[in-house]
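Some notes on the structure that comes next.
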Amino acid sequence: MRFDIYMEDEGNAVYNIEMQTGIISDLPYRTRYYQAMIDLDQMERGAKFQDLKRSYIIFICLENLFPQKGMHKYSFRSMCQEDPGLELGDDAVKIILSAKGNKDDV
């Protein structure tokens with residue numbers, strides 16, 4: 001069974017939602033690849049980078065990429081390592097949903 005959705009909303013955001021059944025350790029690189037494809041799809045020659053839409057990559061997984069954490073939802077944004085409270089502000093969000101979480105976080 002496949003579950004793949006690519007959509008844009010009226011609020012200027014792009015969503016790529018997919019069920020992931022492949023090798024779970026590949027997910028971080030897969031999100032990077034999908035982000036690149038979304039951005040390339042939006043950019044035309046001479047376009048301004050500020051015209052890129054907000055993007056959400058959402059993976060629904062049967063396994064847990066971070067089993068030691070045990071959560072059902074992991075949300076990622078670009079943050080500064082030296083100052084974790086400082087967000088890059090590139091409007092790119094990656095969300096990994098796991099069916100195998102064990103915390104009461106849903």
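Key figures for this structure:
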| read-out | value |
| --- | --- |
| Selection from the range 60-74 of residues that are out of contact with any Asp or Glu (no Cβ under 9 Å at 6 or more places or on another chain) and surrounded by 12 or more Cβ atoms within 10 Å (Cβ to Cβ) | CYS61, GLU63, ASN64, LEU65, PHE66, PRO67, LYS69, TYR74 |
| Pick from the range 1-36, criterion under 10 Å from the mean Cα position of the chain (by Cα) and either part of a loop (DSSP other than H, G, I, E, B) or of a type in the set (A, V, I, L, M, F, W, C) (or both), ranking: surrounded by the fewest Cβ atoms within 10 Å (Cβ to Cβ) | ILE17 |
| Subset of the range 39-59 that is of a type in the set (A, V, I, L, M, F, W, C) and modelled with pLDDT of 95 or more - its residue that is surrounded by the most Cβ atoms within 10 Å (Cβ to Cβ) | ILE57 |
| Some residue of the range 5-15 being acidic (Asp, Glu) and in contact (Cβ under 8 Å) with a residue 12 or more places away in the chain | yes |
| Test: residue in the range 54-63 that is over 18 Å from PHE3 (Cα atoms) and of a type in the set (Asp, Glu) | no |
| Leading residue by the ranking (surrounded by the fewest Cβ atoms within 10 Å (Cβ to Cβ)) among those in the range 96-106 that are in a loop (DSSP other than H, G, I, E, B) and of a type outside the set (A, V, I, L, M, F, W, C) | ASP104 |
| Count of the range 58-95 residues which are in a strand (DSSP E or B), over 18 Å from ALA13 (Cβ atoms) and touching a residue at least 40 places away in the same chain (Cβ under 8 Å) | 2 |
| Residue within the range 38-56 that is farther than 24 Å from ASN12 by Cα and outside any loop (DSSP other than H, G, I, E, B) present | no |
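The values are calculated or read from the model by the stated rules, or taken from the named source; none is laboratory data. Here the structure is a predicted model, which means the values were calculated and not measured. Cβ atoms come from the backbone with ideal geometry, glycine included; neighbour counts cover every protein chain shown.
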